[in-house]
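The values are calculated or read from the model by the stated rules, or taken from the named source; none is laboratory data. Owing to the predicted nature of the structure, the values given are computational and were not obtained by experimental measurement. Quick reminder, even Gly has a Cβ in these numbers, built from the backbone with ideal geometry, and neighbours come from all protein chains shown. The accessibility values were calculated without ligands, DNA or RNA, using every heavy atom of the protein model including side chains. Shrake-Rupley method; radii C 1.70, N 1.55, O 1.52, S 1.80 Å.
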Amino acid sequence: MRPDSWKLLRILTVLISLITVVFNWRWTTGFLAGTAMCLLLYYRTDSYWSDILDSGTTKGSRYMFHFAINFLLMALPMVLAALFPQIMNIFAVALGLLMIKITVTVEVLLPKRKGGNAITE
């Protein structure tokens, strides 16, 4: 992601957190847990593919192990939210897990200025 995308992600995360804390703090904790896991998964995947591109080859077991771990990491906050609904909301966790996709979608929908998006300048 570009620096403008990271800035927009921070803005959206703060806005959504402030909105959800007004209505129900469990939504906020779920959203922040999902967003944190989303960022961890992004950095894991970025590191994995950088290693693959640097080495020029991939091995089947390493490939499957990476994605199996990622699926487990995606499921972890959802399972915790299902087990402890008094702490976080499962739908807010799902929204947090989608934050990078939401950010990219919002970025595409924003009007463009010279050199970047209108919101991040």
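Here segment 14-53 is the region considered, the condition is being polar (S, T, N, Q) and buried (at least 20 other Cβ atoms within 10 Å of the Cβ), and the residue that is nearest to the chain's Cα centre (by Cα) is 35.
Within segment 75-115, the set of residues being among the hydrophobic types (A, V, I, L, M, F, W, C), out of contact with any helix residue (DSSP H, G or I) (no Cβ under 9 Å at 6 or more places or on another chain) and not in a helix (DSSP H, G or I) comprises 84 only.
For segment 54-86, which positions are open to solvent by 90 Å² or more (accessible area, probe 1.4 Å) and under 18 Å from residue 101 (Cβ atoms)? Scanning segment 54-86 gives a single hit, 71.
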